[in-house]
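Reviewing the structure listed below.
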Amino acid sequence: MSESFDLIVIGAGPGGYVCAIRAAQLGMKVACVEKRATLGGTCLNVGCIPSKALLHSSEHYEETKHKLADHGVIVEGVKIDLARMQARKGEVVSSNTKGIEFLFKKNKVTWLKGAASIPAPGQVTVEGTTYAAKHIVIATGSESIPLPGVEVDETQIVTSTGGLELTKVPGHLVVIGGGYIGLELGSVWRRLGAEVTVVEFLDRLVPGMDSEVGKQFERVLGKQGIKTKLKTKVTGATKAADGVTLTLEPAAGGAAESLKADVVLVAIGRRAFTGGLGLAEIGVALDERGRVVTDAHYATNIPGIYAIGDAIVGPMLAHKAEEEGVAMAEILAGQHGHVNYNAIPGVVYTWPEVASIGETEEQLKTRGAEYKVGKFPFTANARARAMGDIDGFVKILADKTSDRVLGAHIMGPDAGTLIAEIAIAMEFGASAEDVARTCHAHPSLNEAVKEAALAVDGRALHI
Ligand code: FAD
Ligand code: NAI
């Protein structure tokens, strides 16, 4: 047996690297195994960060080309340098991944380079060397779900990874799946000039979010030129040199039609990734979707082995994985690490952004809750008008009796930042009136949140 550690974390994504750093802060001797050439996992390398870099760059282009004239700023000869845009994205990614390397050094976390397996409880093997570990945390993340009949080659038929690397703007991009990835990457390539069609199996976009948001989102994206085909499934794809022909059918069955695309993005969800760890051999239980089964303290059925992040149940979001990383390290240190799963925001970083936290109206109806709704549109917010960004609204759901905030759903400018106010309110168990009675700066977008909170009791001032 080679060196021994208090904790070996497998995977250096937002769950794993944060867990490793926090555990080291708490005095443990920690190693983190990562098989990629760089740290940061899916999120920093091929997920959150590169997608946000391209979303920002493409939004600058769109603004310059189509919005600035409205503000009296005339720019002529606007062009795209896609190679530069992609190179910048690479620079953003590498500054972030190098940042994690710096943090590992600072906190004395050992990076074991290579793919890990767990030959036995208390042992981790990397590149032929076996290390001893008092605790092992599986933070191996997730991978794209494949669609039978639509085989990914990362050139003509891509996952998000290929969709972030295109070197030419496609003439027609067909996105399969109207969720987070489909709408963010669909927006990027639409802004850069592609015709974009989103094919979604269910009857609305981002189906996990409040249905009112989903419907308005579809309308706003439609105005921007994104076409949607709801209640439709893709049953096959034929590739040729000049593009891909997809076969579509109504989700409920019916006559097939064909749709031609230059590039097809498959974005129908992600699934836990635990391949190569040897979990079956040592008896770690997985659920029917391949996720590692844990208790409320992230312990698996095998003593000393834990799991967090995309590899376990819950929303596949970087900040959820990070919170679990911190809680995990604190639990291992004998503290009371805890994650409040009722207050995890979800944000689609399109423009306008869409942000959601807590329960949706549909969920409240399903559980028979008595609730109140307060809504406020950005058309009535002075700052949104000054910006020229009036699409969308804030919707707050509160308990009918206690007035406690149960959820909030925002579509609008900077919705992803605005939702943080509600996250704090929910964390503190605040009522809608608490939010409504808080002084909000004027003129700010946050005033729309305050007004929606006022509207919960029919007291909105500006509508
Ligand atoms: P991961 O980040 O997937 O990290 C797991 C790591 O484990 C990987 O680096 C992998 O190489 C490594 N690994 C796996 N097996 C082994 C092994 N046997 N040995 C060694 N290493 C191993 N979430 C957000 O909150 N906001 C966003 O804006 C956002 N944008 C996204 C955009 C895209 C295109 C995608 C695909 C995802 C996005 N996500 C976003 C989701 C986010 O990336 C994930 O929720 C997050 O990365 C999960 O973190 P994790 O630590 O659980 O796993
Ligand atoms: P998703 O779950 O967000 O969306 C998948 C969509 O595809 C759903 O609307 C689903 O109904 C639809 N679908 C499923 N099967 C289909 C089929 N056969 N044909 C047509 N539509 C089908 O998954 P996505 O977009 O792949 O992203 C994966 C995960 O990554 C997200 O759920 C999210 O957790 C994370 N992510 C988060 C981001 C963020 O926080 N901004 C950005 C990108 C990804």
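Every number in this text was worked out from the coordinates using simple rules, so none of it is lab data. These figures come from a predicted structure and were not determined experimentally. Ideal geometry is used to build each Cβ from the backbone, glycine not excepted, and the neighbour counts take in all protein chains shown.
How many percent of all Cα-Cα pairs in segment 1-97 sit more than 23 Å apart? Spell out each step's value before the answer.
On the way: 2227 of 4656 pairs.
The share of Cα pairs beyond 23 Å in segment 1-97 comes to 48 percent.
How far apart, in nm, are two points set 7 Å out from the Cα along the Cα-to-Cβ line at residue 297 and at residue 153?
Spacing of the two 7 Å Cα→Cβ label points: 5.2 nm.
Let's see if you can work this out: charge +1 on each Lys and Arg Cβ, -1 on each Asp and Glu Cβ, no other charges. What is the dipole magnitude of the chain about its Cα centre, in debye to the nearest 20?
Here the size comes out at about 480 debye.
Using the C-alpha gyration tensor of segment 265-390, what are the square roots of 5 times its eigenvalues, in whole angstrom, with the largest one first? Intermediate results must be reported in sequence, preceding the final value.
Values: eigenvalues 268, 64, 51 Å².
After scaling each eigenvalue by five and taking roots: 37, 18, 16 Å.
Using every pair of alpha-carbon atoms in segment 162-210, split the distances into 5 Å bins beginning at 0 and state the percent of pairs per bin, rounded to integers.
Values per bin, smallest distances first: 5, 23, 31, 22, 11, 6, 1, 0.
Scattering from the C-alpha atoms of segment 343-456 alone, worked out with Debye: what is log10 I(q)/I(0) at q = 0.21 1/Å?
Debye output, listed in q order: -1.09.
Can you list, largest first and rounded to whole Å, the semi-axes you get for segment 270-309 by taking the square root of 5 times each eigenvalue of its Cα gyration tensor?
For segment 270-309, the ellipsoid semi-axes come out as 15, 13, 9 Å.
Taking the square root of 5 times each eigenvalue of the Cα gyration tensor, what semi-axes in Å does the equivalent ellipsoid of the chain have, largest first?
Value: 37, 30, 22 Å, ordered largest first.
Please list 3J(HN,Hα) in residue order for segment 113-129, calculated via the Karplus relation 6.51 cos²θ - 1.76 cosθ + 1.60 where θ = phi - 60°; whole Hz, with x for glycine and proline.
8, x, 8, 9, 9, 10, x, 7, x, x, 9, 10, 9, 9, 6, x, 9
Contact order normalised by length for the chain, with contacts defined as Cα pairs under 8 Å and 6 or more residues apart; what percent is it? Write out the running numbers ahead of the final one.
Numbers: 1035 pairs, mean separation 67.5, N = 463.
Across the chain, relative contact order equals 15 percent.
Among all cysteines in the chain, which have no other cysteine Cβ under 4.7 Å from their own Cβ?
By the Cβ distance rule, which asks for a partner under 4.7 Å, the isolated cysteines are 19, 32, 439.
Tell me, how many Å apart are the Cα centres for segment 142-195 and for segment 405-463?
35
Quick check on the chain: helices-only [θ] at 222 nm, where DSSP H runs of length 4 and up contribute -39,500 (n - 2.57) each and the sum goes over total residues. Nearest 500, please.
For the chain, the value works out to -9500 deg cm²/dmol.
Using only Cα positions of segment 157-268, each an equal point scatterer, no hydration layer, compute I(q)/I(0) via Debye at q = 0.09, 0.11 Å⁻¹ and quote the log10 values to two decimals.
So the normalised log intensities are -0.21, -0.31.
Which percent, to the nearest 5, of DSSP beta bridges fully inside the chain are antiparallel?
In the chain, DSSP labels about 60 percent of beta bridges as antiparallel.
For an R0 of 51 angstrom, estimate the FRET efficiency from the Cβ-Cβ distance between residue 333 and residue 400 and round to the nearest 0.05. Let's see the in-between values first.
Numbers: r = 41 Å, r/R0 = 0.81.
Once the sixth-power term is evaluated, E becomes 0.80.
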